[in-house]
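S.K.: Starting off with a structure, shown below.
The values are calculated or read from the model by the stated rules, or taken from the named source; none is laboratory data. As the structure is a computational prediction, the values presented were derived from the model and not from experiment. Glycine gets a Cβ as well: all are built from the backbone with ideal geometry, and neighbour counts include every protein chain shown.
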Amino acid sequence: MPPRQIGTEAEDLIRNLLQSMATKTSLDQVHPIEQVDDNPDFLVQGDTSKYAYLFEVKNDFRRLRPDGSPTYGNSYDAYGICNKNWNVNRFPLRGSGRNVKQGTSTTWVVNYVTVTKKIIKAMIGTYPSYDEEAWNALVSQFGNNLIWAGHGIIPPGLVGPEDQACQDETLTTLSRALKQFLVSNES
């Protein structure tokens, strides 16, 4: 399965987790952001919430090198995460793009969502497997707003019977960590 598809399927699971927490957190607006212009993955906010949250989701499956040692996220990976548009107050909604006929021409139009609160940025990742330089960059950017699942999020189409218990534990761990993060910021 291509890495982009693995990431997209993990984002779908994260969106479902965030939506399931909406009533418990006053964060009833979960907006997937269009994957253009170095945008983070989600904007989450609510009319009665204290903050708006921007989330970047990284479903990293580290591979083994030919010598058997594991790969780690490096400064290039961290740069891509840290240099997203974290301070923008308007984002294009994923999946809202459409062609609109204007006279004799056609224009691509997307819907936008506006950030209505002070932003808290956070990264949701599988596990903290980054080299020291990358780790320092992530901590500098996010502080304690790093939320870990403890395991790669297996795309639903690849979860076999032997993977189900692991996937359930991963999603439970992630759900608890997300809820704790959101509730502690909103209280």
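S.K.: Counting only residues that are in a loop (DSSP other than H, G, I, E, B) and free of Cβ contacts under 8 Å to residues at least 40 places away in the same chain, which one in the range 109-135 is surrounded by the most Cβ atoms within 10 Å (Cβ to Cβ)? Don't jump to the end; show me each part of the working.
M.R.: As a first pass, look at the range 109-135 and keep what is in a loop (DSSP other than H, G, I, E, B): 110-111, 115-117, 126-129, 131.
Those still in the list that are free of Cβ contacts under 8 Å to residues at least 40 places away in the same chain too: 111, 128.
Values: Asn111: 13, Pro128: 15.
Taking the candidates together, the pick is Pro128.
S.K.: Considering the range 72-93 alone, what residues qualify as being under 15 Å from Trp135 (Cβ atoms) and surrounded by 16 or more Cβ atoms within 10 Å (Cβ to Cβ)? Before you say what the answer is, go through the steps one by one.
M.R.: Filtering the range 72-93 for residues under 15 Å from Trp135 (Cβ atoms) gives 72-82.
If the condition is that a residue be under 15 Å from Trp135 (Cβ atoms) and surrounded by 16 or more Cβ atoms within 10 Å (Cβ to Cβ), then Gly73, Ser75, Asp77, Ala78, Ile81, Cys82 are the ones that fit.
S.K.: A further question follows. What pairs come up if the first residue lies in the range 68-80 and is in a loop (DSSP other than H, G, I, E, B), the second is surrounded by 10 or more Cβ atoms within 10 Å (Cβ to Cβ) and among the hydroxyl-bearing types (Ser, Thr, Tyr), and their beta carbons are under 8 Å apart, counting only those six or more places apart or on different chains?
M.R.: Note: pairs meeting the criteria are Tyr72/Ser129; Tyr72/Tyr130; Asn74/Tyr130.
S.K.: Only one of these conditions is not met by Glu9: (1) at pLDDT below 85; (2) within 18 Å of Phe181 (Cα to Cα); (3) crowded, with 16+ Cβ neighbours inside 10 Å. Which number is it?
M.R.: Exception for Glu9: condition (2).
S.K.: Further question on the same structure: Here are some residues: Pro40, Pro92. Which one is in contact with a strand residue (DSSP E or B) (Cβ under 8 Å, 6 or more places away or on another chain) and either over 20 Å from Ala177 (Cα atoms) or among the acidic types (Asp, Glu) (or both)?
M.R.: Values: Pro40 fails: either over 20 Å from Ala177 (Cα atoms) or among the acidic types (Asp, Glu) (or both).
Among Pro40, Pro92, only Pro92 is in contact with a strand residue (DSSP E or B) (Cβ under 8 Å, 6 or more places away or on another chain) and either over 20 Å from Ala177 (Cα atoms) or among the acidic types (Asp, Glu) (or both).
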